[in-house]
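The structure appears right after this line, and notes come after that.
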Amino acid sequence: MKRVKYLLLISWMLVCFSASPQSKVREVAFYEDHYKNLQIGFSKTTSIVFPYAIKSIDKGSSDVLVQKAKGVENILLIKAAKQYFFQTNLTIVTSDGKLYVFVLNYDEDCPDLNIKADNEVAASREVLFSLENENQKRIEQTASLVLSKMKKTSGLKKSKYQISLNVNGIFIQQDVLYLRIVFENKSKINYDIDQFRFFIRDRKKSKRTASQEIELQSLYTTSSSLVIPYQSAIVKVYALEKFTIPESKYLTIEMIEKNGGRHLEVDIDNNNLAGKVYPITEFNIDTF
């Protein structure tokens, strides 16, 4: 009886050992089937173009070199740091809340030189950002809705030199403030924008103290155009991180002309904002 039990134990152990390599093969097959394979080389650079800005990069091995292309936020450059490296992986998170996973293989002869990452390549579309890092796609969608929203405000306009700045809509959602601004050029000369900025400044300044200015950086704008064509008007929406204006200060919107002197400023204080900020909620955004 003891001999029978011993033989059964040996048989069970042999079955376990023979099954373990098979499980490893299945894991590799799953890994390669579900993620995008890329062939990269040592002497050539591979470019991956994403639909939104890159927020996070993680490479599985130091045998691979990665960096964002200079001057842009959505293009990643990859190449091998050594020849014939072992297969590794690359994980990217973009600002629209998508996760991309690539399996990297060495191939000097036929590397993939230009890859377009789209929804089909994304491994996951449910990345959640922290409260400090607002979802870029959400901001862009809301800004587009604000651009076409008919509800308008008045009294926040400055005109000079046949050029006018008109803040005709102020909206807020969660921690983001959206300003809709109409740029109008009634002159016969194009207006080239050199600087366009927002900052909080002191209402009054003592002769013995320096004026303090806090510049506010735009999170997103619906248009990157820096030209207001002559005898025309354009509309842009600027997304800013939520802020308040102290009683002793005001918000200044400043526009400076390139190689010209037609500069404009619009000043906004708490009294100007009273009753003019329209909240956007999850309920009304679909019927905006």
Next item on the list: Please give, to one decimal in nm, the separation of the simple spin-label points placed at Asn89 and Lys149, each 7 Å out from Cα toward the Cβ.
Entry: 4.1
Margin query: I'd like the FRET efficiency for Ile75 and Lys258, computed as 1/(1 + (r/R0)^6) with the beta carbon distance as r and R0 of 25 Å, rounded to 0.05.
Written below: 0.35
Check: Simple spin-label model, 7 Å along Cα-to-Cβ: Asp194 to Ala274 in nm?
Finding: 3.8
Check: Between Ser56 and Lys160, 0.36 nm times their residue separation minus their Cα-Cα distance comes to what?
Finding: 33.0 nm
Checklist line | Net charge dipole size for region 39-86 [Lys, Arg +1 and Asp, Glu -1 on Cβ; Debye, nearest 20] | finding: 120
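Every number in this text was worked out from the coordinates using simple rules, so none of it is lab data. Quick caveat: nothing in here was measured; it's all calculated off a predicted structure. Positions of Cβ are generated from backbone atoms using ideal geometry, with glycine treated the same way; all protein chains shown enter the neighbour counts.
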